[in-house]
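Heads up: the structure comes next, in structure tokens.
The values are calculated or read from the model by the stated rules, or taken from the named source; none is laboratory data. Note that this is a predicted model, so its numbers are computed, not measured. Glycine also receives a Cβ, built like all others from the backbone with ideal geometry; neighbour counts cover every protein chain displayed.
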Amino acid sequence: MREIFREELLDKADFSIYKLVMLVTKRALEIAEGSPKLIDTGLDDKPISVAMNEIAEGKVKYKKTKEK
């Protein structure tokens with residue numbers, strides 16, 4: 001897997017580190033619980049690394065919700 005830099009991911013999460021952390025965490029938990037990976041990876045790759053790479057490749061996106 002390639003090295004991912006924070007700046008590369010921030011634009012995918014509306015330039016918010018908080019939103020980025022929440023997005024990566026949620027996706028990593030899904031992968032750890034058995035959700036299929038959206039990219040080709042090795043068997044030894046950790047869920048957090050897979051989640052970050054999925055986000056970097058645009059397979060997982062931050063979805064804006066309407067505020068009340």
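For the range 10-21, the criterion of being assigned to a helix (DSSP H, G or I), at pLDDT 85 or above, of a type outside the set (D, E, K, R) and in contact with a Ser or Thr (Cβ under 9 Å, 6 or more places away or on another chain) is met by at least one residue. Can you tell me how many residues within the range 27-48 are over 8 Å from the mean Cα position of the chain (by Cα) and either outside any helix (DSSP H, G or I) or under 15 Å from Leu9 (Cα atoms) (or both)? Summing the residues that are over 8 Å from the mean Cα position of the chain (by Cα) and either outside any helix (DSSP H, G or I) or under 15 Å from Leu9 (Cα atoms) (or both) in the range 27-48 gives 14. With respect to the conditions (1) farther than 21 Å from Lys64 by Cα; (2) surrounded by 15 or more Cβ atoms within 10 Å (Cβ to Cβ), Ala51 lacks only one, and its number is (1).
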